[in-house]
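Just so it is clear, none of the values below were taken in a lab; they were calculated from the coordinates. Everything numeric in this text was worked out from a predicted model, so none of it was measured. Cβ atoms come from the backbone with ideal geometry, glycine included; neighbour counts cover every protein chain shown.
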Ligand code: 8YV
């Protein structure tokens, strides 16, 4: 039987590429020099799209594939897929939850620790001779015992909160409603109020039109000059112009960011700041997790074409 034809939107490690190529006839959209021509040429025969979390499938791509049956997202965030376009045609959508939860939470905590204790600057302080020449590295604020806010208590937010408890922190969270499994944390409905009572504010919300810029000027000012914003969700959850303004004027103490508007290109204003930790969207970027994500992408595709239940359906 002919292999199903799929469109691959973004690059995968070789350990994923080989089995994908073995199971499907793969067109690599991201390698094409004329993506419009490629879609016009192969779109009519494409039955599945394999994406990356931040490189999704918009309505134009979906409409260029009249035989499209399923979109398999390599990531837990499916905000880059036009779900409404999929609903209109009964196109299935899957993602890769759970396998990446702990790694993403780990990096969020690592970003807080690294930025709060100034570890990148301290490394330079040793390497460039400042320690010998100038003496002690400038003191920073402590972490343990202070206040943390988690904006979005889903799988990742819950694991972040679990890790924060190890620092004896006062932890509160904001979400669309109080969570029955979070009785040991304060529920604060309003993100501004959460920021007001936080020293460290983690953004762990699944991104959608409803959460766009949920962290705006008001939340950022409420977090304030002693506060740190940590974003391991999507850049769209934050008003980046307001964030940059606050960091440049020290209205916000610092930030630690793994995601950016327009990534991998980011606003050059970030590069001029010394109060922000910049990370290349690699929160799920461990070998074990990325292998598990790739396996889930393929297993969902295989289940679909075998007429079996999808493993991790979104739609
Ligand atoms: C992925 C992510 O690594 O899971 C997501 O939604 O953003 C990351 O964990 C990324 O999507 C891979 O391109």
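What to note about this one:
- The chain - percent relative contact order, Cα under 8 Å, separation 6 or more: 17
- Gyration tensor (alpha-carbon) shape descriptor, the range 177-263, a/c threshold 1.5: oblate
- Using the rule -39500 (n - 2.57) for each DSSP H run of four or more residues, divided by the residues of the chain, the 222 nm mean residue ellipticity is -10000 deg cm²/dmol.
- Here the label points at residue 315 and residue 28, each 7 Å from Cα along the C-beta direction, are separated by 2.8 nm in the simple model.
- Projecting label points 7 angstrom from Cα along Cα→Cβ for residue 55 and residue 2 puts them 2.6 nm apart.
- Highest-fluctuation residue, 23, 255, 148 considered, GNM on the chain with Cα pairs under 10 Å: 23
- Under a Gaussian network description of the chain, with springs only between Cα atoms under 10 Å, the residue in 170, 217, 179 that fluctuates furthest is 179.
- C-alpha long axis of helix 287-305 to longest principal axis of the chain, angle in °: 30
- Angle in degrees between helix 101-116 and the longest Cα principal axis of the chain, rounded to the nearest 10: 30
- Computed from Cα atoms, the angle from the helix 14-23 axis to the main principal axis of the chain rounds to 20 degrees.
- Whole-angstrom gap from the range 169-228 to the range 108-167, using each part's C-alpha centre: 19
- Estimated from the Cβ-Cβ distance and a Förster radius of 35 angstrom, the FRET efficiency linking residue 291 and residue 130 is about 0.30.
- Using a Förster distance of 35 Å, the FRET efficiency for residue 282-residue 197 (Cβ separation, nearest 0.05): 0.70
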